[in-house]
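Here the structure is laid out as structure tokens; the discussion comes afterwards.
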Amino acid sequence: MSQTDPHTAASAESPFKGKTGIQRLINATGYSIDGFRAAWRHESAFRQVCLLLLAGIGMALYLPLPPWGRALIVFAHFLSVIVELLNSAVEAAVDHTSLDHHLLAKRAKDLGSAAQLGALLNMAVIWAIVLTAH
């Protein structure tokens with residue numbers, strides 16, 4: 001294949017890419033902060049899992065739990081926040097594509113929701129294990 005072939009790896013790069021090194025890290029940090037702000041502003045589920053994170057970490061620090069238990073609880077709460085960010089990203093991308101009802105759009109949104117349910121069930125199981133093992 002020639003370099004002008006649209007199927008080459010070089011042509012598959014986004015035209016918005018270009019920054020490298022420290023400038024890329026600075027830009028990426030700014031985009032991440034923008035993402036957190038957008039999630040907080042527009043996603044009530046994100047705000048809820050953030051409040052759950054604060055409550056869970058507060059309880060984990062207050063209760064006399066072993067260090068491994070605290071670590072697992074903190075991990076489970078942060079995992080739920082991360083999954084919610086990804087779920088919100090999927091929903092925004094689907095809505096950007098079309099607001100029409102479509103089976104694949106529903107599937108994508110339902111899969112994201114199922115991932116969050118899995119993260120929340122994981123959190124509950126970890127809490128149960130840590131509290132019963134203590």
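A short reminder: the numbers here are calculations on the coordinates, not readings from a lab. Every value quoted in this text rests on a predicted model; they were computed, and no experiment measured them.
Numbers below:
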quantity: Alpha-carbon centroid distance for the pair the range 84-115 / the range 14-33, whole angstrom; calculated: 26
quantity: Stretch gain in nm, segment Ala133-His42, where the contour uses 0.36 nm per residue and the Cα spacing is subtracted; calculated: 28.9 nm
quantity: On Cα atoms only, tilt of 103-133 relative to the major axis of the chain in degrees; calculated: 30
quantity: Rule-of-thumb Rg ratio for the range 27-96 [Cα; 2.2 N^0.38 Å; N residues]; calculated: 1.29
